[in-house]
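Values quoted throughout were computed directly from the atomic coordinates according to the rules given, and no laboratory measurement underlies them. Just so it is clear, the structure is predicted and the values come from calculations on it, not from any experiment. Here the Cβ positions follow ideal geometry from the backbone for every residue, glycine too, while neighbour counts run over all protein chains shown.
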Amino acid sequence: MSTESEKNTSGSKRLPIWALSPQEEKRARENLKKSTYKACDDVVKAMAECAKKNGVKVFPACDEPRNRMKECILSYQVDQKYLDHERDLIVLEKINKLEAQLKEQQAAKQ
């Protein structure tokens with residue numbers, strides 16, 4: 001049995017507000033990638049500078065900066081709390097959008 005709140009205007013069932021569509025999940029992962037690189041900016045830059053300086057001999061010469069960069073990036077990608085935070089931001093965005101729509105509907109009725 002479905003309630004009216006579970007249906008959209010065309011009558012088809014909607015996902016619960018906390019469930020993300022595949023596009024929203026992709027956006028959360030893209031946002032995680034951006035925030036990860038922003039948080040690890042200093043170690044990524046250090047690796048890039050080392051690579052420019054050493055050219056072809058990048059791997060033996062830049063092992064330490066590469067390992068620090070890898071550790072930093074993986075710490076964000078492996079720990080689920082960071083992805084959950086990005087998902088939460090998208091859910092909050094959806095809630096705010098629905099609240100704005102509700103206010104518009106209520107104002108139109110008056």
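Annotations for the structure displayed:
- Neighbour-count ranking [beta-carbon atoms within 10 angstrom, fewest first] of 33, 26: 26, 33
- Label-to-label distance, residue 42 versus residue 21, with points set 7 angstrom from Cα along the beta-carbon direction: 4.0 nm.
- Only DSSP H runs of four or more residues enter the estimate; each adds -39500 (n - 2.57), and after division by the residues of the chain the mean residue ellipticity at 222 nm equals -25000 deg cm²/dmol.
- Approximating the spin labels as points 7 Å out from Cα along Cα→Cβ, the residue 101-to-residue 81 distance works out to 3.3 nm.
- Extension gain for residue 110 to residue 56 (0.36 nm times residue separation, less C-alpha to C-alpha distance): 12.3 nm.
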